[in-house]
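S.K.: Sending over a structure as structure tokens; questions will come in a sec.
The values are calculated or read from the model by the stated rules, or taken from the named source; none is laboratory data. Bear in mind the structure is a predicted one, so any value in this text is a computation, not a measurement. Here the Cβ is made from the backbone with ideal geometry for all residues, glycine too, and neighbour counts use every protein chain on show. Keep in mind that these areas ignore ligands, DNA and RNA; they rest on the heavy atoms of the full protein, side chains included. Shrake-Rupley method; radii C 1.70, N 1.55, O 1.52, S 1.80 Å.
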Amino acid sequence: MKFSTLITFLIFLTFNSYLLLAQCPTVGTLIVLDSQADVDAFPTQYAACNVFENEILIAGADITDLTSLSQIEEILEYPLRIINNPNLTNLSGLENIQSVGNLQINQNSSLQNLDGLTGLASLTGRVVAGEQLPGSLSIINNAALENTAGLTNLSTIQASSLNDSDPLVIQIENNDLLTDLSGFEGLTVIPGRVLIKRNDNLISLNGFDNIESLTLLTIDDNDALIHLDDLSSLTALLALQLSNNESVLNIDGLLGITEIFSINIFNNFSLQNLDGLININTYGEFASLVISTNANLTSVSGLSNIDVLPGGNLEIKNNDSLTTIDGVWDLQSIDNDPVGVFTNLIIENNDALIDLSGLSNLSSVSGDVSIRDNNQLISLDGLQNLALIENSLILFNNSSLENLTGLNGVAQVGNDLVITTNPSLDDVTALQNLGAIGTEQNSGMANLAVDVCGALTSLDGLQNIDPDSIEFLILVDNPSLSFCSLSNLCAHIDSGGNTNISGNLPGCNTPDDITTGCDPLGVQDVQTSNDWMVYRSKDKLCVDFNNTHVDDILIYDITGRTLLNRHIENQERIDLGITPANQFLIIQVSTSTGKQLSKKVIF
């Protein structure tokens, strides 16, 4: 009797010990499987458990076989992390898993496919402090991974409940042998960001064919990717970044998108046009439209239905083959973002660009207009409706720019006016309607700078700028500039305003040069220094050179228009043939010794 009782007690103890070992782990406990032995022991340790509320980490140098994990059906709210298993070639054994909170498959250098995940249907995310965090999937640094077809039953990714959240939901990065995205066909909505990056042999996005909605799509540095045609079902997208994909020829797969908040397309060497954006007609706040460093881009006509940028920059820069901005026809304004931050128009370093005709409906820019380093741009035709620039106007280093035609309608520049290093610019008269620079928002005053413009002879066109709005006048290193005596510039100088004036011709080389020209002598009072004088004879303007040996004479009016340019070697007196017109003239002579002398008269 005593013996049978002992046997019964031992059996009871053994059974309860087994139950204790085989029960599900405590909720939230991390389960680490870092060896093949740990994997093989799993069904013994957790024999009674099919649903886990634990993070499971599989990470071991000797792990080659996951078939011992076949009992797992769900991992509620917690992630399954398969990370850094260099000898794992497949995921067989995980076929019964139907849902996990998040899934990470990273740094498994021998993993060839995801076929063991054919049962996975949902990524459920996790609830923390009453807030739903999104489900997510990362597939990163799997050097031998050839396809993702094992995800074919994945149909649901739980969205975040945080309104201001823009979570990274799918990340597919650095999988060198991956050629497409087959396996994602069951997804129609991705409630967050998608990053597809640096998959060197990714030829297409096949597998994303049924996706209709996601927030931010980043496709970066996939050298073999040719097109985006597999995104043809996509109709809802908040932001797009397409960058560093050297083989992408077009983006026609985006034709289903009509509304977007941000577009950044840069450094796609083979991209030829933006036609895939032609149906976008609504642009969101806090966003930019950046088209940059696309060496073979020849047309931006795909932007033609965007009429307002409400709070983001328009940047078109470093596109070597772009000859015209032919497609921003409907764009009327570039507005401040809702918190008042300036937003800008930047046309920069487009070596083949010759005109801006596509901007013909643009009337206001809430920030800077910066046009710089466009070597073939001859004029600014296309900006003829631009009236208001709320911050600075910057024209810098456009080597072929000859005039500012196109800016005729600009009436106000809210901050600095900077015209610098435009060697071919010889005319600024298009700015004659500009009445003020600087606004109360920008302290009420601003800088007026004209420098290093080698062909410019006159500042005519700037005469209507309110002198009280000029904080600093900069006229430096304009070797042909000789007419600067505008009444507003003289008023600024006479009032003690800040100046930096040098490196120009007489008439513009010092503040005194300029102010002297604003109060010229009449002909009857003209000085006769240097032994030559200007006088009236029978209603004609004449010059008597006396002992001054003059080779050339140049006469121009207040607008910089040349009236006479004549070689007169060894003549002592000349009738200039100019009749009185009550006009301000500048007479400049070059002597045989190389000196340049000038007089200013009213005649």
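S.K.: Please specify each residue of the stretch 469-493 satisfying the condition of being open to solvent by 40 Å² or more (accessible area, probe 1.4 Å) and touching a helix residue (DSSP H, G or I) at 6+ places or on another chain (Cβ under 6 Å).
M.R.: A491
S.K.: Take I346 and decide whether it is in a strand (DSSP E or B) and either farther than 21 Å from L395 by Cα or modelled with pLDDT of 90 or more (or both).
M.R.: Considered against the rule, which asks whether it is in a strand (DSSP E or B) and either farther than 21 Å from L395 by Cα or modelled with pLDDT of 90 or more (or both), I346 comes out as yes.
S.K.: Would you please list the contacts, defined by Cβ atoms under 9 Å and residues six or more apart or on different chains, that run from a residue in the stretch 386-400 that is open to solvent by less than 40 Å² (accessible area, probe 1.4 Å) to a residue that is among the aromatic types (F, W, Y) and not in a strand (DSSP E or B)?
M.R.: N391/F342
S.K.: On to the next question. Can you name every residue in the stretch 251-263 that is open to solvent by 40 Å² or more (accessible area, probe 1.4 Å) and of a type outside the set (S, T, Y)? Write out each step before concluding.
M.R.: Of the stretch 251-263, the ones open to solvent by 40 Å² or more (accessible area, probe 1.4 Å) are 252, 255, 258-259, 261.
Those that are open to solvent by 40 Å² or more (accessible area, probe 1.4 Å) and of a type outside the set (S, T, Y): D252, L255, E259, F261.
S.K.: Please state which one of V248, V194 is open to solvent by less than 40 Å² (accessible area, probe 1.4 Å) and not in a loop (DSSP other than H, G, I, E, B). Walk me through how you get there before you give the answer.
M.R.: Working: V248 fails: not in a loop (DSSP other than H, G, I, E, B).
Residue meeting the stated conditions: V194.
S.K.: Of all residues in the stretch 21-31, which are in contact with a strand residue (DSSP E or B) (Cβ under 9 Å, 6 or more places away or on another chain) and surrounded by 13 or more Cβ atoms within 10 Å (Cβ to Cβ)?
M.R.: Those that are in contact with a strand residue (DSSP E or B) (Cβ under 9 Å, 6 or more places away or on another chain) and surrounded by 13 or more Cβ atoms within 10 Å (Cβ to Cβ): C24, P25, I31.
S.K.: Look through the stretch 116-138, keep the residues that are open to solvent by less than 20 Å² (accessible area, probe 1.4 Å) and either under 16 Å from G186 (Cβ atoms) or in contact (Cβ under 8 Å) with a residue 40 or more places away in the chain (or both), and return whichever of them is farthest from the chain's Cα centre (by Cα).
M.R.: G116
S.K.: Considering only the stretch 169-183, state which residues are in a strand (DSSP E or B), among the β-branched types (V, I, T) and either farther than 10 Å from R198 by Cβ or open to solvent by 10 Å² or more (accessible area, probe 1.4 Å) (or both). Explain how you work it out, then say what you get.
M.R.: Residues of the stretch 169-183 that are in a strand (DSSP E or B), as a first pass: 169-173.
Narrowing further to those that are among the β-branched types (V, I, T): 169-170, 172.
Listed by number, the residues that qualify are V169, I170.
S.K.: What do you reckon, is S458 small (G, A, S), in contact (Cβ under 8 Å) with a residue 60 or more places away in the chain and open to solvent by less than 30 Å² (accessible area, probe 1.4 Å)?
M.R.: So S458 fits the description; yes.
S.K.: Give the residue, chosen from D38, D65, D34, that is open to solvent by 70 Å² or more (accessible area, probe 1.4 Å) and over 23 Å from Q158 (Cα atoms).
M.R.: On the way: D38 fails: open to solvent by 70 Å² or more (accessible area, probe 1.4 Å); D65 fails: open to solvent by 70 Å² or more (accessible area, probe 1.4 Å).
Criteria check complete, one pass: D34.
S.K.: Among the residues of the stretch 68-98 satisfying the criterion of being touching a helix residue (DSSP H, G or I) at 6+ places or on another chain (Cβ under 8 Å) and either within 15 Å of S109 (Cα to Cα) or in contact (Cβ under 8 Å) with a residue 60 or more places away in the chain (or both), which is surrounded by the fewest Cβ atoms within 10 Å (Cβ to Cβ)?
M.R.: Of everything passing the filter in the stretch 68-98, N90 is surrounded by the fewest Cβ atoms within 10 Å (Cβ to Cβ).
S.K.: Another question, then. Quick one: which strands (runs of 3 or more DSSP E) lie wholly within the stretch 33-121 and hold at least 2 residues that are touching a Ser or Thr at 6+ places or on another chain (Cβ under 9 Å)?
M.R.: Numbers: elements: 56-58, 74-83, 99-106.
Ranges flagged: 74-83, 99-106.
S.K.: Return yes when N464 is part of a loop (DSSP other than H, G, I, E, B) and either crowded, with 22+ Cβ neighbours inside 10 Å or out of contact with any His (no Cβ under 7 Å at 6 or more places or on another chain) (or both) and no when it is not.
M.R.: yes
S.K.: Look at L214 and say whether it is over 19 Å from the mean Cα position of the chain (by Cα), crowded, with 21+ Cβ neighbours inside 10 Å and closer than 25 Å to S161 by Cα.
M.R.: Answer is yes for this residue.
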